[in-house]
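K.L.:
The structure follows.
Computed from the coordinates by the stated procedures, all read-outs in this text should not be read as laboratory data. Note that the structure is predicted; figures quoted are calculated from it, not measured. Counting neighbours? That spans all protein chains shown, and the Cβs are built from the backbone with ideal geometry, glycine included.
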Amino acid sequence: MQTDVFVAGGGVGGLALAVKLASRGVQVTVAEQLKNESPLYKGELLQPKTIAILDHLAVLPEVLEHGHKIETLAFQEVNVNAGDPPEEIESTDLTYNRIASTYNYAIMIPHEKIKAILKNKGSHYGGYFEYLPGARFLGFENGEAQVKYKKQAHAVTADVYIGAEGRSSPTRQAMQVSINRKDYNHHFLTVTIPRPESFQEGKIVTSRTAFLGMFPLPDNQIRTVYMIPAGEYKAIKENGLEQVHEAYGQLEPRLKEDVRSIKDWKQIQLMVPYTYHVDKYVKGNLALLGDAAHTVHPMAGEGMNLAIQDADVLGELLTWCKEHKKPYYAYLPYYEQVRRPRVEFLLRLSHLSALVYSYPYRWWRKIRMRAVDRMYEDDRLHVKQILNTSGLGMWDFSLVDRAIQGSVLPVRKKKVSDIRQKRYIFDENDDYPWKQNDNRKG
Ligand SMILES: Cc1cc2nc3c(=O)[nH]c(=O)nc-3n(C[C@H](O)[C@H](O)[C@H](O)COP(=O)(O)OP(=O)(O)OC[C@H]3O[C@@H](n4cnc5c(N)ncnc54)[C@H](O)[C@@H]3O)c2cc1C
């Protein structure tokens, strides 16, 4: 088999890359080991930058049709007393509409649906898009990708090979890059249940010892994530489902009845958060994308966004190389140059958000409540947090910001203007700098 670009792994990242390449006349072959949909829960929250990318791939109308728009994330702190409704002690909203962009909202969509939409789009590009279900990428031999497909071994020759196989990546192994894994003191139980129709926005409710995240999906469903101490899954399971039903009902009375739709532990998935970031994305004509290169704590809902955002930059680069007859290997380092600092930044942001909810101490909770509250009262903190999370831009927190968050300095009264904010929103030159550099050289 021969192709321009070989992609190992047809997850969201590999598929977004393949659609972009095929749509611009670059021939791509995707080998995906699964034959059918995966039953696993994976990331479902699309952040604004990803929505912009999906719009450019011409799939946004379909994504909107099958997704649920989220404009606000509510953070609520409660005290829980058995038998009584939760007592709210603080409530803060983070609103996407503070972002100075038309993409000022998020979308919740089932993971497999977004993959189906991308696959369907790819199939419209005829000879440029080849998707092989049930094809397992085994590694490289003599510079060619070895793929087991329909019980036979095939060699695929390509100009560029992309490792998009997720967390366990044979391409990463072949590149001999190192990863630095960080684990956490908590795990999550995650399950999708029905929701009342009026439950429309994202919400995180916390007590001193409990954390429940709730993100509405279409069709009156809601994805929930409940934090448990690391290593306690077995004990919690032994205590029975009733304990889970009660915990949900105590933290969010609106789900008190719906949570009882969980009748079997098989409906619940254990999610073990950890992070890593490879020391290089590119080696010769090999490159890594998405979870093969980095894994992020799920707290900020960034997993599949980082993969699709990688795909956008890499896809644009490879397309441009083909259009301008430039050698891929010479330009691939631009991909890492653009993506590494952004990914590093979001890994740090997600890590900090995870720490905020990692300890049950009273004093820790007080700090958390103050920090979250300040995020709402101080517009610049609010804008920075939501802009950074969105992926549309990067505006780092300063020492003054942190001092305001810690109540060492007072809240600023001034609102951030759109003009100011736009300075920190990525433009084409930030996303695809090789084009500009090449023009300058020319
Ligand atoms: C169990 C789980 C739960 C998650 N939950 C969340 C969440 O709640 N929120 C969040 O933001 N993120 C979550 N994530 C992370 C998020 O799903 C990923 O960041 C995102 O899917 C990364 O996309 P990807 O395309 O890089 O990798 P993946 O989505 O992992 O796709 C990789 C694809 O490659 C295929 N593959 C693997 N090896 C081979 C091979 N040798 N040959 C051919 N194909 C291969 C796999 O079958 C898969 O389809 C979760 C991840 C996991 C694993």
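K.L.:
According to a simple spin-label model (label point 7 Å from Cα along Cα-to-Cβ), what is the distance in nm between Lys266 and Gln2?
P.N.:
Roughly 4.9 nm, to one decimal.
K.L.:
Would you mind checking which residues have amide H under 5 Å from Ile228's amide H? H placed 1.01 Å from N; only 5 or more apart, or other chain.
P.N.:
His187, Phe188, Leu189
K.L.:
Between rounded, prolate and oblate, where does segment 1-56 land on the alpha carbon gyration tensor, with a ≥ b ≥ c its root eigenvalues, rounded for a/c under 1.5, else prolate if a/b exceeds b/c?
P.N.:
Numbers: a/c = 3.36, a/b = 1.17, b/c = 2.88.
Taking the square roots of the gyration eigenvalues as a ≥ b ≥ c, segment 1-56 is oblate.
K.L.:
Where in the chain are the DSSP H helices whose C-alpha atoms run 15 Å or more along the long axis and whose mean Kyte hydropathy is at least 0.5?
P.N.:
Working: long enough: 12-23 (16 Å, 1.64); 111-123 (19 Å, -0.95); 241-251 (16 Å, -0.48); 303-323 (30 Å, 0.22); 328-356 (42 Å, -0.04); 362-377 (22 Å, -1.39); 379-390 (16 Å, -0.61).
Those that clear 15 Å and a mean of 0.5 are 12-23.
K.L.:
Further question on the same structure: Just check segment 360-422 against the gyration tensor rule for me: Cα atoms, a ≥ b ≥ c as the square roots of the eigenvalues, rounded for a/c under 1.5, and otherwise prolate or oblate depending on whether a/b exceeds b/c.
P.N.:
Numbers: a/c = 2.49, a/b = 1.66, b/c = 1.50.
Prolate shape, in that a/c is at least 1.5 and a/b is the bigger ratio.
K.L.:
Please compare each pair in Lys121/Lys182; Lys49/Lys266; Lys113/Lys322; Lys49/Lys322; Lys35/Lys266; Lys234/Lys366 to a cut-off of 27 Å on the Cα-Cα distance and tell me which ones are over it. Could you put the intermediate results ahead of the total?
P.N.:
Numbers: Lys121/Lys182 36 Å; Lys49/Lys266 34 Å; Lys113/Lys322 31 Å; Lys49/Lys322 25 Å; Lys35/Lys266 22 Å; Lys234/Lys366 31 Å.
Table pairs above 27 Å Cα-Cα are Lys121/Lys182; Lys49/Lys266; Lys113/Lys322; Lys234/Lys366.
K.L.:
Pick from Lys148, Lys415, Lys283: which residue has the top mean-square fluctuation in a GNM of the chain where Cα pairs under 10 Å get a spring?
P.N.:
Of Lys148, Lys415, Lys283, the Gaussian network model singles out Lys415 as fluctuating most.
K.L.:
I'd like the distance between the alpha-carbon centres of segment 383-422 and segment 294-352, rounded to an integer number of Å.
P.N.:
24 Å
K.L.:
Segment 60-75 to segment 216-259: how many Å between their Cα centroids?
P.N.:
Each part's Cα centre sits 23 Å from the other's.
K.L.:
So, one more: Based on the Kirkwood radius over alpha-carbon pairs, what value in µm²/s does the Stokes-Einstein equation return for the translational diffusion coefficient of the chain at 37 °C and 0.692 mPa s? Write down the numbers at each step before the final one.
P.N.:
Details: Rh = 22.9 Å.
After rounding, the answer is 143 µm²/s.
K.L.:
Go through segment 229-301 and name the GluC sites (Glu not before Pro) that are in a DSSP coil and have 13 or fewer other Cβ atoms within 10 Å of their Cβ.
P.N.:
Numbers: sites: Glu232, Glu238, Glu242, Glu246, Glu257; in loops: Glu232, Glu257.
Sites meeting the loop and neighbour criteria: Glu232, Glu257.
K.L.:
Also, I was wondering about something else. Order these by the 10 Å Cβ neighbour count, fewest first: Phe397, Phe188. Please report the intermediate quantities before stating the final value.
P.N.:
On the way: Phe397 16, Phe188 23.
By the 10 Å Cβ count, ascending: Phe397, Phe188.
K.L.:
With a 10 Å cut-off between alpha carbons and a GNM built on the chain, which of Asn429, Asn220, Asn104 moves the most?
P.N.:
Sorting by GNM fluctuation, first place goes to Asn429.
K.L.:
Where the centre of each part is set by its Cα atoms, how far does segment 82-112 sit from segment 115-177, in angstrom?
P.N.:
Each part's Cα centre sits 37 Å from the other's.
K.L.:
Treating each Cα of segment 319-442 as an identical point scatterer and ignoring solvent, apply the Debye formula and state log10 I(q)/I(0) at q = 0.17, 0.21 Å⁻¹.
P.N.:
Those come out to -0.93, -1.22, one per q.
K.L.:
Please report Trp434, Trp320 as a ranked list, fewest other C-beta atoms within 10 angstrom at the top and most at the bottom. All intermediate terms of the calculation are to be shown ahead of the outcome.
P.N.:
Values: Trp434 21, Trp320 18.
Fewest-to-most ranking of Trp434, Trp320: Trp320, Trp434.
K.L.:
Please arrange Ser23, Ser407, Ser169, Ser178 by how many other C-beta atoms lie within 10 Å of their C-beta, fewest to most. Working shown, then result.
P.N.:
On the way: Ser23 19, Ser407 13, Ser169 24, Ser178 9.
Taking fewest neighbouring Cβ atoms as first place, the list is Ser178, Ser407, Ser23, Ser169.
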